[in-house]
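See below for the structure under consideration.
Just so it is clear, none of the values below were taken in a lab; they were calculated from the coordinates. What you see is a predicted model; the values in this text were computed from it and never measured. So basically every Cβ, Gly included, is an ideal-geometry build from the backbone, and we count neighbours across all protein chains shown.
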Amino acid sequence: MKTALIALLGETRKGLLTTWTYRANAVVTIFTLGCTFIGIGFLMGGGDIDPEELASTFLGYLVWFYALMAISDVAWGLRGEIQTGTLEQMSMSSTPVGLLLLGRSLANFIVSTVQVLIIGEAMFSLLDIRIPMRWEGLPVLALTLAGIYGAGFIVAGATLVYKQFESFANLMQNGLLFLSGALLPVEEMPAWLATISRTLPSTQGIVVLRRVVLDGQSLAAVWRDGSLVWLIVHSAIYLAVGWLFFSVCEQIAKKQGSLGQY
C-alpha cells in the first residue's frame with residue numbers, strides 16, 4: 001500500500017514538473033481557449049456579448065475544458081510514453097499502470113484547475129460574466145469529473161492497443177463541446193439528439209451544475225428530483241467501465257507484445 005502511494009504521488013509530481021518545464025505551452029493553451037470562448041460568445045450573441053446569457057454557456061465550457069485536458073493528456077501523454085520507450089519500464093513496476101495513470105490524472109486535474117481559475121478570472125474581467133460561487137457546486141463538479149476521467153481511461157486503453165488514437169480523441173472532445181449541453185442546453189435540443197447527449201460523460205454534470213450554481217437549487221432539491229442520483233450512477237458507470245476497459249486493453253497489449261512498441 002505504501003509503495004503504491006509513493007508511486008502515485010511520484011507520478012503526480014512528474015506530471016506537475018513536466019507541465020512546469022513546458023509552461024509556455026500551458027500559457028498558449030489558456031490564451032487559445034480564452035479567445036475561443038470569446039468567439040463563441042460573439043457568435044451566439046449575433047455580434048453582441050450578453051453576460052447574463054453567457055454565464056450558463058461559460059459554466060458548460062469550463063466543464064468541457066476539464067474534459068479536453070483529461071482526454072488529450074491520456075491520448076498524447078500515453079503515446080509519448082510508448083514512443084520514448086518508458087511505458088514498458090512503468091509496466092515492470094510492482095504498481096499497476098492504471099494506478100500510475102491515476103497519478104497522472106491527479107496532476108492533470110491540478111493543472112486544469114489552475115488554468116480554469118485563470119480563464120475564469122479573465123472572462124469575468126473582460127466580459128463581465130458572473131457565476132455565483134456556491135459550495136454546493138463542488139461535490140457536483142467532483143462527480144462530473146469522475147465520469148470524465150473514466151472516459152479518459154477508455155481513451156487510454158484504446159491508445160495502448162491501437163497506438164494512434166488521436167482522431168477518436170478529437171472526435172470525443174468535439175462531441176463533448178457541441179453535444180453535451182455545454183453550449184446549448186439539453187432541453188433545447190431535438191429529442192433524438194438530447195437522448196444521445198445524455199449518454200456522454202459530462203452532460204448530466206453540466207445539467208446539475210447549472211441548477212445548483214446558477215438556479216440556486218440545493219443538493220437536497222436535485223437529489224429529490226433524481227438528477228443528482230442519475231449523475232452519481234452515470235459517473236460511477238463511466239469510472240468503472242473506464243478502469244475495466246483500460247485493464248483489459250493493457251492485458252491485450254501485453255499478450256501481443258506491443259505494450260511499448262509504436
Residue exposure sequence - THR57, THR21 - by fewest surrounding Cβ within 10 Å: THR21, THR57
FRET efficiency estimate (nearest 0.05) - Cβ-Cβ, ARG23 to TYR162, R0 41 angstrom: 0.85
Rg/Rh ratio calculated on Cα atoms of the stretch 149-262 (Kirkwood radius): 1.08
The chain: projected area of the alpha-carbon convex hull, averaged over directions, in nm²: 14.7
Angle in degrees between helix 23-44 and the longest Cα principal axis of the chain, rounded to the nearest 10: 30
Estimated FRET transfer efficiency when R0 is 25 angstrom, pair VAL233-ILE196 (beta carbons, to 0.05): 0.85
Rough spin-label spacing in nm, given labels placed 7 Å along Cα→Cβ, for ALA142 and PHE42: 4.0
For the chain, calculated [θ]222 nm from helices alone, where every DSSP H run of n ≥ 4 adds -39500 (n - 2.57): -26000 deg cm²/dmol
Selected from LEU101, LEU145, LEU17 as most flexible by GNM, with the chain as the system and alpha-carbon contacts under 10 Å: LEU17
Lys, Arg +1 and Asp, Glu -1 on Cβ, resulting dipole of the chain about Cα centre, debye, nearest 20: 960
Computed lengthening from ARG134 to GLU52, 0.36 nm per intervening residue step minus Cα-Cα distance: 27.8 nm
Summed residue charge, Cβ within 9 Å of VAL207's Cβ, Lys/Arg positive, Asp/Glu negative: +2
